[in-house]
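Beneath this line is the structure, given in C-alpha cells, with notes to follow.
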Amino acid sequence: MSEQLYERIKQDPNYIQLSQTRSKFAYLLSIIILVVYYGFVLVVGFAPEFLAQPLSEGSTLTVGVPIGATILVFAWVMTGIYVRRANKEFDTINEKILEDAGK
Amino acid sequence: MKFSRMLSALSGLLVLGLLVANTAIAGGAIEGEVEKQPVNVSAIVMFLLFVVATLGITYWAARRTKSAKDFYTAGGGITGFQNGLAIAGDYMSAATLLGVSGLVFAKGYDGFIYTIGFLVGWPIILFMMAERLRNLGKYTFADIVSFRLEQTPIRTLAASGALAVVVLYLIAQMVGAGKLIQLLFGLDYAYAVFLVGIMMMIYVTFGGMIATTWVQIIKACLLLGGGTMMALLAMSQFGFNLETLATKAVEVHDDGIKLMAPGGLLADPISAISLGMALMFGTAGLPHILMRFFTVTDAKEARKSVFFATGFVGYFFMVVCIIGLSAIVIVGTDSQFLTADGKLIGGNNMAAMHLSKAVGGDLFLGFISAVAFATILAVVSGLALAGASAISHDLYASVFKKGKATEQEEIKVSRLATLGLGMTAIILGILFEKQNIAFMVGLAFGIAGSANFPVLILSMYWRGLTTKGAFYGGFIGLFTALALVVLSPTIWVSIFGFEEAIFPYKHPALFSMTTAFFAIWAISKMDKSAQAKKEALLFENQEVRSQTGLGAEGAAAH
C-alpha cells in the first residue's frame, strides 16, 4: 500500500468529516448504553425497593420485570441503529473516499 | 408444609450455591459431586446423530481447508448472519442454559439482572471495536496490537493472555462436561472428558475454522430451538400468562414475594460494578470471540454479525429466564426431581434438564441433553482453535521463526498445537474432577478484561501507546487479576481454608482493569525511546486503515 495513498486520504475533507461524525455517534451511543446499564446497577444496589413495586394493584409481577426486558430490547435496538447508519451513510462516504484516493 | 421445609433446605444451600452460580453461568455447568445416572438411550442416540452430522461437516470442511486463511478464518467468507449465529453460539454455553435457569430457579429476579450484564457488552463492542477488528485484524487479535508495535514482545504478551484465558475456560468446560454427561447420559466421568477432548481435536485439526463455525451455527440453532420449545411447553401450563406463572412461583418458592425483586446477590455496589465490568469488557477480550470478527468478508458484515448476535443472545436470555421461573413451579414441587432432603437432584443447575423431562418426557429430555452436550463440544472447539492460533500464528510464526515460517509449516504447527491443547484439556479435566473450579471462568473473564482488552482498545484508540507500555502494563494487568482472585474469598477462603479473604471482593475487574490501564498509560508516557516516536507516527496510517478498511484482509476467492 503506497504511502501516497494514505497521505491523500488523510488530507481528504470527507475522511476528516467521516472520522469525526462516526466517532461522535459511536461515543454517544456507548455513553447512552453505559448510563442506562450502570444506572440500573445503581438502582439495584441502592434502591432495590423501586424495582420491587408491583406492576399494578395486586399483581405479582414487579416493575423490575418490564424494566429489565426493556433494557435487553433497548441494547439490541441500539445495535440496529448503529448498523443501519454505519452500513448505509458511513459506508457510502467511505467508498467515495477510497475512490477519490484512486484505489 | 412439607414443601416449605424442602424449600428452606434448598435455600440454605443457596448461600453456598451463589458462590458457584456466579461463575457457573459462564463456565462449568455442574459443581460438586454428582451421581452417575442410568444410561439414557434416547439422549445417546440423538447425540450420536449430532456427532455423525458434524463429522460429515468436518469432512466437507477439511477438503476446503487448504491455506492458513481457510484454517484460521474460514477463508474470511462467512456472512454477517452466519457469524452472528456463531458468535451467539460461542456466547451461549451449556452453562448459560443450565446456570442462568438454575439461578432464576434459586433466586428469581436476581438471575434476570445477571443476563442484562451479559448482554450490554455487545453494543459497546459494536460501537467501539467491530469494524476496527475486521479492518486491522488477520488471524489473531495480536495482529491488531502489533500493527505498529514491535512483534516479539507484543505477540508474547497477547499469546500469554489468550492462552491463559483459553486454558482456564477449557478446564471449566471439561469438568462441567464430565459431570453433565455423567448425569445425563450415565457415562463415566473419564469417558466423557475423553470423548469431548477427542471430538474437539477432530473438528479443529481437520476442519479448522470452517468446521468450528458450522458446528457452532448448528448448535446455536438447536439451542435456540430447544430452549424455545421448552419455554412454550412450560408456558402452556400457565395459559401463556406470565402473571399466572409468577403468582404460582411466588406461592411455592421459599423467598415468596421477594422472588420478583432484587435480592442479596448484587447488594454490594462495588461487587455489582466489578462484575458488570468483567462481563462487559472481559467479553471484549475473549480470544475465541475476537477471532470470529476475522471470519467475515468486510466491516459491513462484521457490524451486522453483532446485530444478529445481540438479538439471538438477548432472546435466548429471556427464554432461559422463563425456563427457570417455570421450573420453580413445575420441577420444584415434583418429588421425582428432588432428593430425600428436598434438594434438586444434581443441584440447581439441573433445573432446566428436569423441566425438559417434566414437560416433554424422556424423549425431550434426551433431545435437550444432546443439545447441552453439543453445546459444550462447540464451545471447546472454538476455544481450542483460538488457543492453537495463539501458539502457531503468534508464538511459532512470529516470535520463534520471526515471520519466516511458510504457510504450510504454520498450519502444521497449529494442528499439532490443537492436539497438544486437546491432551492438556483431557489431563487437566481429569485432574480437576474433584476440585472446586468455581473461580476459573471468573478468572478467565478477569484476565481477558485486564490484560487482553486494555492493550487491544488502547492500541486502537491511543496514539501514545508504546511497545513497552503495552508489554509491561499488559502483564501487570494479567498478574493483578490472577493475584486478586487468589486472595479473594473464592480461593483464599473456599480452597485454602483461611478464615478471612485478604481481598474482600469476588470479582477483581474494577481493580485489576484500573491497574492495567494506569500501568500501560504510565509506562508508555515514560517511554521516550526512538522506537516509541516511530510507533506514534504510524498511528495515523493505522487510523486510515481502521476507518476506511484500506489494505484490510480480503475474503479468499472460493
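General observations
- Cut-off 19 Å (backbone N to label point 7 Å along Cα→Cβ of B:Glu540), residues of region B:460-487: B:460-466
- Close amide H partners of B:Leu338, meaning residues 5 or more places away or on another chain with modelled amide H under 5 Å apart, are B:Ile345.
- Taking every residue in B:246-258 and counting other chain Cβ atoms within 10 Å of its Cβ, the average works out to 2.
- Region B:380-464 shape via C-alpha gyration tensor axes, a/c threshold 1.5: oblate
- Counts of other chain beta carbons within 10 angstrom of each beta carbon in peptide A:48-57 average 3.
- Region B:85-102-region B:433-499 distance, computed between alpha-carbon centres (Å): 23
- Between the amide H of A:Val63 and those of A:Gln53, A:Leu55, distances stay under 5 Å, these residues lying 5 or more places away or on another chain, with hydrogens modeled in the peptide plane.
- Considering only A:Trp76, A:Ala47, A:Thr60, the residue lying farthest towards the positive end of the dipole of region A:27-103 is A:Trp76, judged by Cα position with unit charges set on Cβ.
- Using the average count of surrounding beta-carbon atoms within 10 Å as a protection proxy, the listed peptides A:29-41, B:484-496 rank, highest first, as B:484-496, A:29-41.
- Dipole of region B:497-558 computed with +1 at Lys/Arg Cβ and -1 at Asp/Glu Cβ about the Cα centre; of B:Trp521, B:Ile502, B:Ala536, farthest Cα towards the positive end is B:Ala536.
- Of the residues B:Val359, B:Val120, the one with the fewest other Cβ atoms within 10 Å heads the list, and the complete ranking is B:Val359, B:Val120.
- 3J(HN,Hα) along region A:18-25, derived from phi through the Karplus expression 6.51 cos²θ - 1.76 cosθ + 1.60 where θ = phi - 60°, amounts to 4, 4, 5, 4, 5, 4, 4, 4 Hz, with x in place of Gly and Pro.
- Karplus-derived HN-Hα couplings along region B:81-95 (A = 6.51, B = -1.76, C = 1.60, θ = phi - 60°), whole Hz, x at Gly and Pro: 5, 4, 5, x, 5, 5, 5, 4, x, 4, 7, 9, 7, 4, 5
- Here's the picture: a label point sits 7 Å out from the Cα of B:Ser67 along the beta-carbon direction, and within region B:112-156 the residues with their amide nitrogen under 19 Å of it are B:134-141, B:143-144.
- Total formal charge among the other residues, if their Cβ is under 14 angstrom from that of B:Phe118, Lys/Arg +1 and Asp/Glu -1: -2
- Within region A:3-100: Cβ-based charge dipole about Cα centre, in debye rounded to nearest 20 (Lys, Arg +1; Asp, Glu -1): 80
- For region B:537-551, putting each phi into the Karplus relation 6.51 cos²θ - 1.76 cosθ + 1.60 with θ = phi - 60° gives couplings of 5, 6, 4, 4, 5, 4, 4, 4, 5, 5, 7, 9, x, 4, x Hz, in residue order, rounded to whole numbers and with x for Gly and Pro.
- Sorting B:214-221, A:67-74, B:100-107, B:194-201 by their mean Cβ neighbour count within 10 Å, with the most densely packed peptide first, gives B:100-107, B:214-221, B:194-201, A:67-74.
- Averaged over residues, the count of other Cβ atoms within 10 Å places the peptides B:380-386, B:447-453 in the sequence B:447-453, B:380-386, highest first.
- Normalised size of region A:3-100, defined as Cα radius of gyration per 2.2 N^0.38 Å with N residues, equals 1.67.
- With 20 Å bins from 0: P(r) over chain B, alpha-carbon pairs, percent: 23, 56, 20, 1
- Mean partner shielding of peptide B:99-112, defined as the number of other chain Cβ atoms within 10 Å of each residue Cβ, is 1.
- Selection among B:Gly551, B:Gly75, B:Ile289 by position relative to the dipole of chain B gives B:Gly551 as farthest towards the positive end (Cβ unit charges, Cα centre).
- Helical mean residue ellipticity (222 nm; -39500 (n - 2.57) per DSSP H run of 4+; nearest 500) of chain B: -23500 deg cm²/dmol
- Size of charge dipole - chain B - debye, nearest 20, with Cβ of Lys, Arg +1 and Asp, Glu -1, no other charges: 1380
- Subtracting the Cα-Cα distance of B:Lys434 and B:Met526 from their residue separation scaled by 0.36 nm leaves 28.4 nm.
- Against chain B, whose longest principal axis is taken from its Cα atoms, helix B:2-24 shows a tilt of about 10°.
- Rounded to 10°, Cα long-axis angle of helix B:467-487 versus longest principal axis of chain B: 20
- Alpha-carbon centroids, region B:154-207 and region B:241-311: separation in whole Å: 23
- For B:Lys506, the aspartates and glutamates whose Cα comes closer than 14 Å to its Cα, not counting residues fewer than 8 places off in the same chain, are B:Asp268.
- Each label point was placed 7 Å from the Cα along the Cα-to-Cβ direction; for B:Leu416 and A:Tyr27 their separation is 4.9 nm.
- From least to most packed, judged by other beta carbons within 10 angstrom and beginning with the fewest, B:Thr480, B:Thr96 follow the order B:Thr480, B:Thr96.
- Set of lysines near B:Lys219 by C-alpha distance (under 30 Å), chain-local residues within fewer than 8 positions excluded: B:Lys36, B:Lys66, B:Lys69, B:Lys107, B:Lys138, B:Lys179, B:Lys300, B:Lys304, B:Lys357, B:Lys412, B:Lys434
FYI, it's all coordinate maths here, none of it is from the lab. Quick caveat, the model's predicted, so the values are computed rather than measured. We place every Cβ from the backbone using ideal geometry, glycine too, and count neighbours over all the protein chains shown.
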